[in-house]
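To start, the structure itself, in structure tokens.
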Amino acid sequence: MKLLSTDLAYPTLTRSRGAMAYLQLKPLLNEGAPIEIDLVEDQPISLSFLDELVRLLGDSQASGQVTFLVHSEDILRKLSRIAAMRSVDVWAQGVDGNVRFLVPPVPFDEPEATQSGAKPSIGKP
Amino acid sequence: LNLNFWTVDELLAKVDLAQVRPNIDLSNVTFLEPFALVYLGAYLRHHNRHGKSFTVNLPTATGARGYLARMRFWERFNFSPDLIRRENLVRLSSSTSFNDILDIENTGNVAEEIGEGVLRILRSNVVSVNKTSIAELVSELVDNFAQHSQGPLAICTVQYYPNAHRVDFAIGDCGIGIRNSLSSNPQYQSLRSQPHNVAALKAFEPLVTRRGEGGTGLTEVAEGIRDARGMLVLSTGDGWVSMTEAKTERGFMYHDLPGVQIELSFPEER
């Protein structure tokens with residue numbers, strides 16, 4: 001079964017919408033069939049939205065049942081960050097590809113902060 | 001005087017709060033950047049809430065003075081937030097104007113409403129920025145404030161500077177602040193004895209939040225601002241944090257203002 005992300009929730013910007021998307025998905029997951037979710041390109045999809053959806057899929061041990069169809073590097077980056085943070089297997093497929101793959105977990109960069117006596121030494125861009 | 005992140009706290013630290021009706025001297029202000037607008041608004045709201053009212057020397061520069069009037073700044077911030085008239089809880093009524101102050105109430109869809117509104121405005125103007133990315137980051141921040149502020153209202157504003165080729169977004173409140181919020185989670189209780197700027201940096205780490213399931217909003221905002229080669233500045237209490245692609249810094253503000261105030265600056269792609 002193939003669904004659009006906007007079929008599950010709209011807009012796809014917040015954590016609460018991610019939870020809503022999972023609730024929409026749950027009856028379909030219970031049927032046991034594989035599900036493809038097309039993360040539509042022309043709508044912003046926030047990390048919080050994806051994180052909540054993936055977290056709940058992981059908690060219900062259903063993440064392997066879902067493949068995210070990915071249109072952009074930015075969305076793939078977000079899924080990689082979530083896979084690393086949540087230690088959940090996230091499956092994806094490029095729109096042009098026909099092979100589903102496990103999204104490689106890539107943790108967020110955590111740059112060291114320096115303490116400064118004055119306000120930031122670098123001005124606005 | 002350009003009132004911005006670098007100057008606004010120093011100016012307000014000079015206000016003698018021991019006086020019955022303290023004086024805020026804005027007479028030399030010629031320009032206000034979004035961070036300063038939000039910081040000054042949060043300052044007035046915080047003290048108004050505690051029964052303090054101020055005498056304000058308005059800017060002598062007509063540009064700055066007119067700007068504050070057009071923002072209905074004094075009507076919005078010189079009174080208790082409970083008394084703001086309903087029609088003045090502005091909600092991106094224009095699809096073209098960047099220059100509104102918006103109030104953020106803790107309602108279910110305020111983050112989406114403002115995120116989508118900002119996207120609409122960016123799309124209808126010729127601004128060379130990653131529009132969807134900015135809308136997502138704005139939405140993450142607004143959601144964060146709506147969830148965690150515990151104050152009556154937060155505020156935000158967007159400004160486009162065509163000559164400087166830059167879009168600034170600022171958001172702020174005078175709520176409980178990052179340190180109080182995070183340390184209410186037993187896991188981060190030790191932050192209570194740390195400086196505000198340490199607690200603020202902690203909040204940018206993945207899954208660090210006062211709630212159990214962990215949040216990602218500020219982590220994503222930090223990465224987004226680095227990717228856009230922009231700048232983030234944040235103040236909370238007497239602490240500040242700044243982030244650019246090259247550097248993350250933290251330090252102390254001149255003034256200790258409750259709540260959180262943040263500005264994101266996005267350069268245009270050329």
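Comparison of B:Ala146, B:Ala135 shows that the only residue that is closer than 20 Å to B:Ala203 by Cβ, outside any strand (DSSP E or B) and of a type in the set (Gly, Ala, Ser) is B:Ala146. Six or more apart or on different chains, Cβ atoms under 8 Å: show the pairs whose first residue is in the range A:71-93 and more than 27 Å from B:Lys131 (Cα to Cα) and whose second is of a type in the set (Asp, Glu). Every condition considered, the pairs that remain are A:Arg86/A:Asp51.
Can we say B:Phe266 is within 9 Å of chain A (Cβ to nearest Cβ), open to solvent by less than 40 Å² (accessible area, probe 1.4 Å) and touching a residue at least 12 places away in the same chain (Cβ under 8 Å)? Step through it out loud before you land on a result.
Values: within 9 Å of chain A (Cβ to nearest Cβ): yes; open to solvent by less than 40 Å² (accessible area, probe 1.4 Å): yes; touching a residue at least 12 places away in the same chain (Cβ under 8 Å): yes.
Yes.
Going through (1) modelled with pLDDT of 90 or more; (2) over 17 Å from B:Leu12 (Cα atoms); (3) part of a helix (DSSP H, G or I) one by one, B:Tyr39 falls short only on (2). A:Arg81 satisfies every condition listed in (1) open to solvent by 40 Å² or more (accessible area, probe 1.4 Å); (2) of a type in the set (D, E, K, R); (3) in contact with a Pro (Cβ under 8 Å, 6 or more places away or on another chain) except (1).
I'm trying to understand the selection: among the residues of the range B:38-50, which are touching a Ser or Thr at 6+ places or on another chain (Cβ under 6 Å) and buried (at least 24 other Cβ atoms within 10 Å of the Cβ)?
Passing the criteria: none in range.
Within the range B:154-189, being in contact (Cβ under 8 Å) with a residue 12 or more places away in the chain and more than 23 Å from B:Gly41 (Cβ to Cβ) holds for B:His165, B:Leu182, B:Ser183, B:Ser184, B:Asn185, B:Tyr188. Going residue by residue through the range B:247-263, is there one that turns out to be in contact (Cβ under 8 Å) with a residue 60 or more places away in the chain, open to solvent by less than 20 Å² (accessible area, probe 1.4 Å) and under 26 Å from A:Ala83 (Cβ atoms)? No.
Of the residues making up the range A:33-70, those that are over 27 Å from B:Leu141 (Cβ atoms), open to solvent by 50 Å² or more (accessible area, probe 1.4 Å) and of a type outside the set (S, T, N, Q) are A:Pro34, A:Glu36. Scan the range B:213-246 residue by residue and report those that are at the interface with another protein chain (Cβ under 10 Å from one of its Cβ atoms), open to solvent by 20 Å² or more (accessible area, probe 1.4 Å) and not in a helix (DSSP H, G or I). Across the range B:213-246, the qualifying residues are B:Glu213, B:Ala228, B:Arg229, B:Glu245, B:Ala246.
Can you pull out the residues in the range B:32-60 that are aromatic (Phe, Trp, Tyr) and over 17 Å from the mean Cα position of the chain (by Cα)?
Residue satisfying the conditions is B:Phe54 alone.
Tell me the residue from B:Arg192, B:Arg210, B:Arg179 that is open to solvent by 40 Å² or more (accessible area, probe 1.4 Å), touching a His at 6+ places or on another chain (Cβ under 8 Å) and in a helix (DSSP H, G or I), please. Quick ask: steps written out before the conclusion?
Details: B:Arg192 fails: touching a His at 6+ places or on another chain (Cβ under 8 Å); B:Arg210 fails: in a helix (DSSP H, G or I).
That would be B:Arg179, the only listed residue that is open to solvent by 40 Å² or more (accessible area, probe 1.4 Å), touching a His at 6+ places or on another chain (Cβ under 8 Å) and in a helix (DSSP H, G or I).
With within 15 Å of B:Glu112 (Cα to Cα) and open to solvent by 10 Å² or more (accessible area, probe 1.4 Å) as the only criterion, which of A:Thr14, A:Thr6 stands out? Give the steps one after another, and end with the answer.
Values: A:Thr14 fails: open to solvent by 10 Å² or more (accessible area, probe 1.4 Å).
Among A:Thr14, A:Thr6, only A:Thr6 is within 15 Å of B:Glu112 (Cα to Cα) and open to solvent by 10 Å² or more (accessible area, probe 1.4 Å).
Pairs linking a residue in the range B:9-22 that is without any contact (Cβ under 8 Å) to a residue 60 or more places away in the chain and assigned to a loop (DSSP other than H, G, I, E, B) to a residue that is of a type outside the set (Ser, Thr, Tyr) and surrounded by fewer than 12 Cβ atoms within 10 Å (Cβ to Cβ), with Cβ atoms under 7 Å and 6 or more positions apart or on different chains, are B:Pro22/B:Asp16.
Taken over the range A:91-113, the criterion of being within 11 Å of the chain's Cα centre (by Cα) and either open to solvent by 40 Å² or more (accessible area, probe 1.4 Å) or within 14 Å of another protein chain (Cβ to nearest Cβ) (or both) is satisfied by A:Trp91 alone.
Looking at the range B:138-151, is at least one residue at the interface with chain A (Cβ under 10 Å from one of its Cβ atoms), among the small types (Gly, Ala, Ser), under 24 Å from A:Val54 (Cβ atoms) and open to solvent by 20 Å² or more (accessible area, probe 1.4 Å)? Working first, answer last.
Within the range B:138-151, the first condition is being at the interface with chain A (Cβ under 10 Å from one of its Cβ atoms), and the residues that meet it are B:138-140, B:142-144, B:146-147.
Now drop any that are not among the small types (Gly, Ala, Ser), which leaves B:139, B:146.
Pick out the ones that are also under 24 Å from A:Val54 (Cβ atoms) and you get B:139, B:146.
Next, from what is left, pick out any that are open to solvent by 20 Å² or more (accessible area, probe 1.4 Å): none.
Checking the range B:138-151: not a single residue is at the interface with chain A (Cβ under 10 Å from one of its Cβ atoms), among the small types (Gly, Ala, Ser), under 24 Å from A:Val54 (Cβ atoms) and open to solvent by 20 Å² or more (accessible area, probe 1.4 Å).
The values are calculated or read from the model by the stated rules, or taken from the named source; none is laboratory data. Source: prediction; values computed, not measured. Counting neighbours? That spans all protein chains shown, and the Cβs are built from the backbone with ideal geometry, glycine included. Only protein heavy atoms, including side chains, enter the accessible area calculation; ligands, DNA and RNA are left aside. Shrake-Rupley method; radii C 1.70, N 1.55, O 1.52, S 1.80 Å.
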